[in-house]
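*Asks:* Take a look at this one; I'll ask things after.
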Amino acid sequence: MAQRPTDPTEAFAELGRIKLGETDLSGVLTRVSELAQRTIPGADEVSVTLLGQRGAQTAAFTGEMALRLDELQYEYDHGPCLDAARGAAVVAVPDMTVEDRWPDWTARAVENGARSSLSIGLPIQESVTGALNIYGVKPGAFDDDAVTLAQTFAGYAAVALANAHLYDTTATLAAQMQSAMQSRAVIEQAKGIIMGERRCTADEAFDILAKVSQDSNR
């Protein structure tokens, strides 16, 4: 495990220094999970859940235990990370062995080595929410100070993730627009060739292209 920052403000500053042009959304998510593991006391493993139109997925994780505990929640369709993501809430599980809100999941969590957890909702974008999931191998791993720090960290992380999501969406849209413009240029060139060869109008040339496109499925 990497050495913890001596001051949490170092982690907050690092989140603010992420250059979106040099990484993608996946890279930002990985940085967030790794920084949380280094910064929040009691954090043995960390993951980030994203909840969108396609359902829930673990977009980044620092260890196999975190990934497994997330996936079990998706399988059962309940658990602290899903409640946190759906309600933009803070959901703490101080002791898995006595937790009764999700008994099937907590039993499996104990089997996989977790004894406590802390999930904090991340409002990222209108159609995408998420949760920062922090797992501890000891019961009571997260005291009040750790919870407060985790909430502050999540606030900085949510801004970084929202910016990354917006940048990613904008870059994709720009690429689609560029492709459409290139396609339009090719179509105009083809129309010009047909008009010259067949002595027809622009509309007639386009109709010929449309028929060729339908016949060839291209």
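*Asks:* Right, Gly140: in a loop (DSSP other than H, G, I, E, B) and open to solvent by less than 40 Å² (accessible area, probe 1.4 Å) or not?
*Replies:* In short, no.
*Asks:* Could I ask something else about it? Out of (1) over 18 Å from Gly155 (Cβ atoms); (2) in contact with a His (Cβ under 9 Å, 6 or more places away or on another chain), what's the single condition that is false for Gln57?
*Replies:* Among (1) over 18 Å from Gly155 (Cβ atoms); (2) in contact with a His (Cβ under 9 Å, 6 or more places away or on another chain), Gln57 violates only (2).
*Asks:* Which of the following residues is over 16 Å from Thr58 (Cα atoms) and within 20 Å of the chain's Cα centre (by Cα): Val159, Val147?
*Replies:* That would be Val159, the only listed residue that is over 16 Å from Thr58 (Cα atoms) and within 20 Å of the chain's Cα centre (by Cα).
*Asks:* Out of all the residues in the stretch 128-139, which are out of contact with any strand residue (DSSP E or B) (no Cβ under 6 Å at 6 or more places or on another chain) and of a type outside the set (D, E, K, R)?
*Replies:* Across the stretch 128-139, the qualifying residue is only Val137.
*Asks:* Pull out all pairs, ordered by first then second residue, where Cβ-Cβ is under 7 Å, the residues are six or more apart or on different chains, the first lies in the stretch 57-82 and is at pLDDT 95 or above, and the second is open to solvent by 30 Å² or more (accessible area, probe 1.4 Å) and charged (D, E, K, R).
*Replies:* Every condition considered, the pairs that remain are Thr58/Glu71; Thr62/Glu34; Thr62/Glu45; Gly63/Glu45; Met65/Glu45; Ala66/Glu45; Leu72/Arg108; Tyr76/Asp104.
*Asks:* Specify the residue that is nearest to the chain's Cα centre (by Cα); the eligible residues are those in the stretch 87-130 that are modelled with pLDDT of 95 or more and small (Gly, Ala, Ser).
*Replies:* Ser119
*Asks:* Tell me yes or no: at least one residue of the stretch 59-71 is charged (D, E, K, R) and crowded, with 24+ Cβ neighbours inside 10 Å.
*Replies:* Within the stretch 59-71, one or more residues are charged (D, E, K, R) and crowded, with 24+ Cβ neighbours inside 10 Å.
*Asks:* In this structure, is Arg184 modelled with pLDDT of 95 or more, open to solvent by 70 Å² or more (accessible area, probe 1.4 Å) and more than 21 Å from the chain's Cα centre (by Cα)?
*Replies:* Judged against the criteria, Arg184 is not a match.
The values are calculated or read from the model by the stated rules, or taken from the named source; none is laboratory data. Keep in mind that this is a model prediction, so the values were computed, not measured. Reconstructed Cβ throughout: ideal geometry from the backbone, glycine too, with neighbour counts over all protein chains shown. Quick note on the areas: whole protein, heavy atoms, side chains included, nothing else; ligands and nucleic acids left out. Shrake-Rupley method; radii C 1.70, N 1.55, O 1.52, S 1.80 Å.
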